[in-house]
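In what follows, a structure is listed as structure tokens, so that the remarks can point back to it.
The values are calculated or read from the model by the stated rules, or taken from the named source; none is laboratory data. Just so it is clear, the model here is predicted, and its values are computed rather than measured. Positions of Cβ are generated from backbone atoms using ideal geometry, with glycine treated the same way; all protein chains shown enter the neighbour counts. Ligands, DNA and RNA are excluded from the accessible area calculation, which covers all protein heavy atoms including side chains. Shrake-Rupley method; radii C 1.70, N 1.55, O 1.52, S 1.80 Å.
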Amino acid sequence: MARLRPASAAHRAALPAATAAGRAALAVATSLLLCLALAAPAFAEVRRADVIMGQTVEERGLSVSQCPSIDALYACVMDDEGTVYFERDATSPTQIASVTKIMTALVALDAVGEGLVSLDDEVQVSAEAAAVGESTAGLQEGDVMTLEEALYGLLVPSGNDAAVAIAQTVGAVFAGTSADDDASQQAFIDQMNVTAADLGCVDTVYRNPHGLDDGEFAGDQHSCAADQALIVKEAMRDETFRAIVGGGDATIKVERDGEQVDIELASTDEFIDMYEHARGVKTGFTDLAGPSFAAAANDGERDLYAIVIHSSSEAQRFIDAQTLCEWVYGNMIDYALANSDEQVQASFGDVSGQVPVVAEVSHADWIDRTIPATLSDPDATAEVFALNGNVSQSFAFDEVHGAVSAGDKVGTATFKQRNEVIATYDLVACQDVPAPDFLTGVGIWWDRLFRSLSGQPTAAESTVLNATPLINDKTAVVQDAAAQQ
């Protein structure tokens with residue numbers, strides 16, 4: 001990994017200057033949101049401004065029943081390829097509480113990947129780390145453990161004490177062994193910001209390694225749902241991280257006063273127990289961030305990362321995350337590409353049996369003969385997200401001469417969803433078609449000459465027989481709108 005690099009003085013200086021005005025507005029906006037949340041109970045809803053794959057619900061003309069209904073004020077769900085399926089105010093700045101610890105773990109694990117530290121290196125708990133308070137791993141001043149054990153303390157019970165201990169230990173490598181704890185921790189925080197920028201985060205600033213945001217920790221630390229999806233996606237590439245966040249409760253050993261002590265860690269993540277596809281990740285809660293959760297899920301085929309910030313309750317944040325993941329999985333379909341009522345018997349390659357004739361391709365050596373064609377894989381499907389629109393097709397036909405055998409390429413079929421190519425297949429002959437013999441060819445030459453002079457067609461026209469059935473029709477939208485009136 002080449003991501004780790006020192007934060008420049010200009011970078012560190014630019015962060016407060018670039019965000020000071022925005023942070024003041026953020027504080028006011030957050031206070032207003034909190035007042036509104038206290039004044040009336042939150043409830044799951046669909047917003048016309050929610051964004052589905054780059055377009056709002058309103059722009060897509062989707063019905064309420066087709067969209068995910070969640071409580072969270074900010075949300076995003078992304079897959080492992082970076083495709084963003086859903087956004088709600090996903091780039092709006094907000095506090096993220098202990099979701100911050102994902103980046104803390106990522107920077108530490110990047111340092112392991114770079115060979116700067118080892119998972120077996122010792123982490124010692126300073127007085128400052130032990131005194132952070134709030135959510136802890138039960139560590140005491142002077143405790144010594146491996147970095148791997150400290151990461152469990154960071155991610156399983158959301159230990160603020162573990163966060164500071166890790167930042168001071170790993171940060172000393174960035175700052176130099178002669179640096180004190182404060183300088184080491186600041187070097188680690190600087191690297192958190194550098195890593196966020198390197199990942200393409202658009203509005204993320206870290207000021208501490210744990211995510212506390214009031215009292216002595218009040219300030220302009222913030223992020224957004226879209227940025228956190230990128231960070232979770234990156235963190236989940238690390239096997240150690242995946243194992244820790246997906247394992248539930250854990251026990252770690254620390255050396256305390258010369259003795260080995262077991263510390264039982266209770267996971268704050270209820271997602272793993274309630275959802276069959278859950279792969280865990282990280283909870284968060286402060287008054288400013290509200291109940292938040294960064295989730296990972298896998299249904300056996302696709303990794304998803306769902307971020308929900310400022311949901312209506314600690315239980316609802318998990319429900320919101322599950323709702324988003326199930327909505328994506330439920331709208332992933334295998335779309336059959338060959339759809340034709342005309343069938344013929346064919347045998348080529350691994351294909352043997354009835355196949356759909358998707359096109360009739362003109363044979364250039366004949367006047368009135370076409371070649372029945374199918375896809376090179378007649379059973380081909382393309383996985384598509386149903387709500388991203390219907391599928392279209394375009395066929396390009398080769399100029400075919402001479403004898404044709406079943407399986408020979410005679411063209412190309414391209415399939416798109418919202419102007420993005422989802423599949424391309426060769427068109428192949430379903431049957432053998434002979435070339436005209438010499439005498440027949442002479443007759444065709446004369447016939448073609450007279451047809452040309454009289455303006456008649458000189459060869460059969462290629463035609464498409466394939467259909468692209470609608471994935472979505474507007475009937476449901478109309479019925480849904482009528483029901484709401």
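For segment 280-378, GluC sites (Glu not before Pro) meeting the loop criterion (DSSP other than H, G, I, E, B) and having at most 10 other Cβ atoms within 10 Å: GLU301.
Compute the acute angle (0 to 90°) between the alpha-carbon long axis of helix 101-113 and the principal axis of greatest extent of the alpha-carbon atoms of the chain; round to the nearest 10°. Rounded to the nearest ten degrees, it is 80. Here the peptides 284-294, 152-162, 120-130 are ranked by packing, the mean other Cβ count within 10 Å, and the order with the highest first is 152-162, 284-294, 120-130. When only Cα pairs below 8 angstrom with a gap of at least 6 residues are kept, the chain shows a relative contact order of 14 percent. Under 5 Å from the amide H of TYR335 lie the amide H atoms of ALA382, GLU383, VAL384, each residue being 5 or more positions distant or on a separate chain, with H modelled from the backbone and absent for Pro and chain starts.
Projected over every direction and averaged, the convex hull enclosing the alpha-carbon atoms of segment 375-432 yields 4.2 nm². Based on the reciprocal of the average 1/r between different C-alpha atoms, the Kirkwood radius for the chain equals 26.1 Å.
When the dipole is taken about the Cα centre of segment 294-452, and only Lys, Arg (+1) and Asp, Glu (-1) are charged at their Cβ, what size is it in debye, to the nearest 20? Walk me through the numbers before you get to the answer.
Values: 8 positive and 24 negative charges, 90 e Å.
For segment 294-452, the charge dipole is close to 440 debye.
Overall, segment 389-465 carries a charge dipole of about 280 debye about its Cα centre when +1 sits on the Cβ of Lys and Arg and -1 on the Cβ of Asp and Glu, all other atoms neutral. When segment 85-176 is described by a simple charge dipole with +1 on each Lys and Arg Cβ and -1 on each Asp and Glu Cβ, the residue from THR91, GLY159, ALA111 located farthest towards its positive end is THR91. In a reduced charge model with +1 at each Lys and Arg Cβ and -1 at each Asp and Glu Cβ, the chain shows a dipole moment near 1700 debye about its Cα centre. Based solely on its DSSP helices, what 222 nm [θ] is calculated for the chain when runs of n ≥ 4 H residues each add -39,500 (n - 2.57) and the sum is averaged over all residues, nearest 500 deg cm²/dmol? Result for the chain: -10500 deg cm²/dmol, rounded to the nearest 500.
Counting heavy atoms of the protein chains alone, SER65 has an accessible area of about 90 Å² for a 1.4 Å probe. Surface analysis of the chain yields an accessible area of 44 Å² per residue, using protein heavy atoms and a 1.4 Å probe. Within the chain, what's the longest run with no trypsin sites (Lys or Arg not before Pro) in a DSSP loop and at most 12 other beta-carbon atoms within 10 Å? Give the range, please. Between the exposed loop sites, the longest stretch runs 49-473. For LEU106, the solvent-accessible surface with a 1.4 Å probe is about 10 Å², rounded to the nearest 10. Nonpolar atom fraction for the chain, defined as the carbon and sulfur part of the 1.4 Å probe accessible area, stands at 49 percent.
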